[in-house]
């Protein structure tokens, strides 16, 4: 009864003989085997084939499709085709359907023919599910992403488990398109507008995944069953469809103007947002546009072409590099002392009860679930801080994220006092007071007077020297920098700063806490503004300088558009606040007067109370804020957009190299990870270094690349 | 508070297909609790009139209550099935009569008006939990000769029963076994068994998912000749073989029970009315005789005689044990009232689950045979016990009074 396929040979079946599949592509693939069984459907509906995709590991290593996996599936389809069956169903291993193509071999691809073989194999094998001799059913029992979801889309029918963890076509997030049928099948199933959400908008929104109910609402699956007996119910449904007891009805897709207008609208949005910097979403949109009129063969051929172009693109290679950074390097930070050295943290103190301090308090309560004491100078501020945290807890409860008991538990963990003696038995105290060295030193001295000798003293400073802050303490070895990004609950990055005296146990404790807070932690040296703020400040300084010299605001602010940054420089300035940004620029200028620019115009603007460069009217149109025009005295040497961009990019390349020379981080990968997670710079840039390399900036400024060709770029 | 004794009805029953225990069995890599969950969910789907929150208690039997049969499986299976958290549950153990005891234990509070509706079940995954797993018999059993050394090995107790009744020969046992296989085959062919089964997805790491839709143990075509040559593993030149005994099996069963007035209120089916039940002890070394005293006791409590019983569902742990029962009551080996769909020798006997299989079979036969008023389900139990439940057929049309 059981046919297994455990011993996949590296022999390429005749079907794929025309493709450039070589050993380098087959290398270390964790093969997802297609295990075929023949079953009797319930209700006497007949015999069916049931394929299980299973790579032999548990759900922590999901099923993926590499060349050998596709060959295994192809073999299973051959075997099923040879049998007398009424239906063919395909499902995954527990909790996982399949999460897409195995991309681990892509960085090794040097020849477009190899890329083409991957594209074509996917189409040839998965495509068989769409034109099989009997109806095909995907039983989507768990996570289905990319090629996994495309496998389901190729089938004639889909059932979905209400327990499936994540459903998505995340290819555009990485720099690919769902090109194993996704760009054609999905819009033809649910219409262009919804397909654009799934294929383009969700991946570009921090790679948002669909929940099972949304999948149903979108019309991607035909029916949903609970996980308890998902396979059983699904096979009963298969039987009912085959026997005609159930008729599957799907709403008609609007193939008229709605299709084209959704495409046109998205094209404008993508252009405004990415300015052509990331080719994948635009390519996906082209394919969705084509899917309205093209026949399947034409559409699939166009997908093949797009996959080849993108696989051979620097942007995808940078995307894969970025993905690896945030998935792997971020989870195993480099240069961190052994976690066994970490001390337990069973109580936390927060100095300050302002907005930042309150956000920190909330995070510690929610993630560590230990008592957190906030202190401030007067009871009114303390009460306000505690009230803020209680309000945040109420919001979590209102959203259904926590129940009433948990809300009570969290609230009981939060206390406030004006007396730092409340920290006496704390294991970790973090300060979030005004950014002034003298004040912070005084705070630490006061805290040290009441806490144990091993209590961690952490500072959320963004630009002051942590070493200076620790200087006069009895136990400076327990001081660490703990630099969060705003908003604390949302931003994933945490720069953890080792000061000169910081010992291994304290650092290990800081990283253990950071991990418990579910942040991606990066070890940085105690250097001015650490990583993200240093680069953003340098970069913003160059743009501001060009304005001071006479470049029009509009030209300067748009000059970096070709990078496809998450926001333009002056929009970033507005978000940070000109006063804060200016203050940091002064601090950095103190440290590195040659490179960090302090704008007198900005000094006057801040003094005049500007909140940004741009003012927006009710329609959202922007113009330079009149207050800015009053404050700014521009020169008469305007730069071209290219000149502004060159200056800014050169400055970034120079600063990154200097940071590496200074040992601010262990590796340029840490800088890229910081820019991705802390500044939201795109995967297509690889953070920043891969972009600077491929644009020739690194070579021009530093005489060398940051990364070897092929690491985050097309190696050719 | 004055109480009135209420009638208890068997509303519906279902089971998984039964599998062969062991690495090659269909459920080799399927959890016991998942088997129960499948049956619970199927019963609730089949009986949509029953609001799940009306279930007052859940009892699930298992002989070996550890691992996937542990964790108070009555409660854990209820939670895993998606029953409301307000529905409690507990575990039951009376070895082979586990599910039967789930039914009787839940029936009593229904009769007394303490419960309205209850969910009874039984499971045994003998592949994952071989008979005797983890047992630690008190040394006093043997030291003080409280039981015969052979009392703990069921096959040996069956041989002992042959000793006690020399006229119940191996040939009669084999003939009974052949008939059980034939009746099961016929019942399958007539589509009698399939509707009682809940298909179960099976998964093996090696072969992927499959679907169990039919019982694995039956051996169609079993003949006297094929049985004659089988080994007698419990005694050299003995009489008990794998062919005239139930195998080692995996499976689960469940049933909904309800008070008569509540069944009417909710519009539930009333497939059988519980008349009486009894359990009785016998010498452990001849445990197979247990159904005789338990049946006499149950008949006596019901004020009925054996002649009033029109259908018998006797568990076939061993053919000799059924023959001893029939012999005692003067019933022919091939009496058509006995196990009309065949029995455990053919479909298997996942210990603690079998009691409800008997009841589900009887409920179906009641529907087919409205001329029958009373039927009984009975089974022998390890350590020397028997259990019997007498049921009345609500479909009884009075045309032929048994």
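Per residue of A:230-239, other chain Cβ atoms within 10 Å of the residue Cβ number 4 on average. Judged by the gyration tensor of its Cα atoms, with axes a ≥ b ≥ c, chain A is prolate; a/c meets the 1.5 cut and a/b is the larger of a/b and b/c.
The distance between label points at residue A:340 and residue A:124 comes to 5.2 nm (points 7 Å beyond Cα on the Cα→Cβ vector).
Once a ≥ b ≥ c are taken as the square roots of the eigenvalues of the Cα gyration tensor of chain B, is the result rounded (a/c under 1.5), prolate (a/b larger than b/c) or oblate (a/b not larger than b/c)? The shape class here is rounded. Region A:505-545 and region A:42-99 have their alpha-carbon centroids 46 Å apart.
Counting only DSSP beta bridges with both residues in the protein assembly as shown, the antiparallel share comes to about 50 percent.
Take each residue of peptide A:45-55, count the partner chain Cβ atoms within 10 Å of its Cβ, and average: the result is 2. Normalised by the number of residues in region A:532-663, the average gap of Cα pairs under 8 Å and 6 or more apart makes the relative contact order 39 percent.
Relative contact order for chain A: 10 percent, from Cα pairs under 8 Å spaced at least 6 residues apart, divided by residue count.
A protection proxy built from the mean count of other Cβ atoms within 10 Å ranks the segments A:563-572, A:116-125, most packed first, as A:116-125, A:563-572.
Distance from the Cα centroid of region B:291-306 to that of region A:657-700 is 87 Å (rounded to whole angstrom). Protection proxy ranking, highest mean first, for peptides A:102-109, A:629-636: A:102-109, A:629-636, where packing is the per-residue count of other beta-carbon atoms within 10 Å, averaged. When shorter helices are ignored and each DSSP H run of at least 4 residues is given -39500 (n - 2.57), the per-residue value for chain A at 222 nm works out to -13500 deg cm²/dmol. If one puts a single equal scatterer on every Cα of region A:249-384 and applies the Debye formula without solvent, what log₁₀ I(q)/I(0) results at q = 0.14, 0.15 Å⁻¹? One equal scatterer on each Cα of region A:249-384 leads to -0.84, -0.88. Fewest-first ordering of A:93, A:245 by other beta carbons within 10 Å of each residue's beta carbon gives A:245, A:93.
Shielding by partners for peptide B:193-206, expressed as the average number of C-beta atoms from other protein chains within 10 Å of each residue's C-beta, is 5. Legend: ranking of residues B:162, B:237 from fewest to most surrounding C-beta atoms inside 10 Å; resulting order B:237, B:162.
Apply 1/(1 + (r/R0)^6) to the Cβ-Cβ distance of residue A:248 and residue B:138, taking R0 = 60 Å, and write down the FRET efficiency to the nearest 0.05. Working from the Cβ atoms, E equals 0.45.
Put a dot 7 Å past the Cα of residue A:642, heading toward its Cβ, do the same for residue A:409, and the two dots end up 6.2 nm apart.
Using the average count of surrounding beta-carbon atoms within 10 Å as a protection proxy, the listed peptides A:266-272, A:509-515 rank, highest first, as A:509-515, A:266-272.
Exposure proxy ranking for B:392, B:367, based on other Cβ atoms within 10 angstrom of each Cβ and starting from the fewest, stands as B:367, B:392. With n ≥ 4 as the cut-off for DSSP H runs, can you work out [θ] at 222 nm for chain B, using -39500 (n - 2.57) per run divided by the number of residues, rounded to the nearest 500? Only helices count here, giving -9500 deg cm²/dmol. The alpha carbon centroids of region A:405-467 and region A:261-334 are separated by 46 Å. Remark: the Cα gyration tensor places region A:326-451 in the oblate category, a/c being 1.5 or greater and a/b not exceeding b/c.
Here, each number is a calculation from the coordinates, and none is a lab measurement. Owing to the predicted nature of the structure, the values given are computational and were not obtained by experimental measurement. Using ideal geometry, Cβ is built from the backbone for each residue, glycine included, and neighbour counts are taken over all protein chains shown.
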